[in-house]
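A quick write-up on the structure given underneath.
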Amino acid sequence: MAKQPGLDGRSRDENGQTRAKNGNTRVDTLRETYGEDFGDEIRGDAHLDTLLDRTGFDSLSEYLRNRNK
């Protein structure tokens, strides 16, 4: 069975799970992937962990699923 490519260019672990984004990833870096309005409630030089803490989400996936609701 061929391996599936990683989500957003991320690699997969040996068990097939996509690796999580590092909490130290800057919001302005994530805006390159998810658009200029990503994390518009926080400055671009803040880290993903800070964005998640301030918005109350536990992961990038959860934030992406719920940010427009």
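Every number here is computed from the coordinates shown, using simple stated rules; none is lab data. Predicted, not measured: the structure shown is a model, and the values here were computed from it. Ideal geometry is used to build each Cβ from the backbone, glycine not excepted, and the neighbour counts take in all protein chains shown.
Observations on the model:
- Simple label model, 7 Å out from Cα along Cβ direction - Ser59 to Tyr34, nm: 1.3 nm
- Net lengthening on full extension, Ile42/Thr25 (0.36 nm per residue, minus Cα-Cα): 4.8 nm
- Percent of alpha-carbon pairs separated by more than 15 Å within segment 18-69: 38 percent
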